[in-house]
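Quick notes on the structure that follows.
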Amino acid sequence: MTNPSPEADIQPTSITVCAPAKINLILRILDRRSDGYHNLWSLMQTVRLEDELSLSINRTHSSITLGCDDPSLKTDHSNLVYRAAAAVLERSRQTMGLDIILTKRIPMGAGLGGGSSDAAATISGLNRLLKLGWSAKEMAQVGQTLGSDVPFFFFAPSATVAGRGDEVMSVRITGSRWVVLVNPNFPVETKWAYQQLSESRTGIVPISRSHAALETSPELSWKQVLETAENDFETPVFNTYPLLRDIKQQLTARGAEIALLSGSGATVFGVFYDEADARQAHASFLNERKFKVFVTQTCSHS
């Protein structure tokens, strides 16, 4: 019997994790809850546009430090990454110094879930770094206290999300697609979008049978999913920001199987079967210097 090497007992003190963006392939906004939030139903999907987080244990201090390459992002205790790290330490009853470096690639306030994904990646990364052994459900419980989109990322790449975002069910979509993301470089405030939606509609349409069926199928095709794609925010948001409707129409004209607003906006995405078509569509927006445009793929189950 050989003795284990001393190195085997050394616990790593740093980890690097990626935080993918999400798109809403379906987003239905339902009734208002007693807590003031709305019930929603969404089919969400991650894509390979990713932020990166470096998490390091620092034994020379006992606080959380956060740095970011985007100077416009606050890095104090109001930041979701900072709050996520603090929540993990509190739940695990640990005190230690943590140094976190966040590299931003996902546009902020864009309907792509960048902040929520960063928070989820922080929880997941610390779960591994500190060897906590938490399940996806346990990590989602921590994430739910930070934001309604956070739990989804523990069940990605594809999942239906209901309630306030706390009812998450992983689904399997076979294959992958190319996605072109077009962000006009201005935000759409989520609270405003909800107000516009409430004021503009006369009633609430319940979840359709075709949407409900997506939860019970063991495996979904992209054809099934794209046939049912919709976003309740499109009408009120497009009425105020017609540029976003124009972007949607351009993506469709360039060969997108569907084009849709993600979240409450302002990013509009097109889903493409063919990589060449996606890259041509991407190129067609590059003359709009204010736009942030990305071509990427959907993430798939490994």
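Read-outs throughout are calculated quantities, based only on the coordinates presented, and are distinct from any laboratory measurement. If you're wondering where the values come from, they're calculated on a predicted model, not measured in any experiment. Please note: Cβ atoms are built from the backbone with ideal geometry, for glycine as well, and neighbour counts cover all protein chains shown.
Against the empirical 2.2 N^0.38 Å scaling, what ratio does the C-alpha Rg of the stretch 1-101 come to?
Against the compact-globule rule of thumb, the ratio is 1.52.
Using label points projected 7 Å from each Cα along Cα→Cβ, tell me how many nm separate Q280 and I57, to one decimal.
5.4
Mind jotting down the distance between the C-alpha centroids of the stretch 273-296 and the stretch 31-82, whole Å?
27
Can you give the helix-only mean residue ellipticity at 222 nm for the chain, where every DSSP H stretch with n ≥ 4 adds -39500 (n - 2.57) and the sum goes over all residues, rounded to the nearest 500 deg cm²/dmol?
One gets -9000 deg cm²/dmol as the mean residue ellipticity at 222 nm.
Work out how far the C-alpha atoms of the chain reach from end to end along every principal axis, then list the three figures in whole Å, largest first.
Principal-axis extents of the chain (Cα, largest first): 64, 46, 44 Å.
Out of residues 5 or more away from I258 or on other chains, whose amide H comes under 5 Å of its own, with H placed 1.01 Å from N in the peptide plane?
Hits under the 5 Å cutoff: V271.
Between the helical axis of 114-129 and the dominant principal axis of the chain, each derived from Cα atoms, what acute angle in degrees is found, rounded to the nearest 10?
On a 0 to 90 degree scale, this one is about 30.
Quick one: helix 242-253 against the long Cα principal axis of the chain, what's the angle to the nearest 10°, folded into 0 to 90?
Helix 242-253 and the main axis of the chain meet at about 90 degrees.
Which of V179, V205, V237 ends up with the largest GNM mean-square fluctuation for the chain, with Cα atoms connected below 10 Å?
Largest GNM mean-square fluctuation: V205.
With a sphere of radius 15 Å drawn around the Cβ of R209, what net charge do the other residues whose Cβ falls strictly inside it have (Lys, Arg +1; Asp, Glu -1)? Walk me through the numbers on the way to the answer.
Details: positive: R28; negative: E215, E227, E230.
It works out to a net charge of -2.
For the chain, what is the charge dipole size about the Cα centre, in debye to the nearest 20, if Lys and Arg each add +1 at the Cβ and Asp and Glu each add -1 at the Cβ?
My answer is approximately 180 debye.
Where does each of L25, L43 land when they are ranked from fewest to most other beta-carbon atoms within 10 angstrom?
In order of increasing Cβ crowding within 10 Å: L43, L25.
If I fit a long axis through the Cα atoms of helix 275-284 and take the longest principal axis of the Cα atoms of the chain, what angle between them do I get, 0 to 90°, rounded to 10?
Rounded to the nearest ten degrees, it is 80.
Between R91 and C18, what's the calculated FRET efficiency when r is the beta-carbon distance and R0 is 22 Å? Round to 0.05.
It comes out at approximately 0.45.
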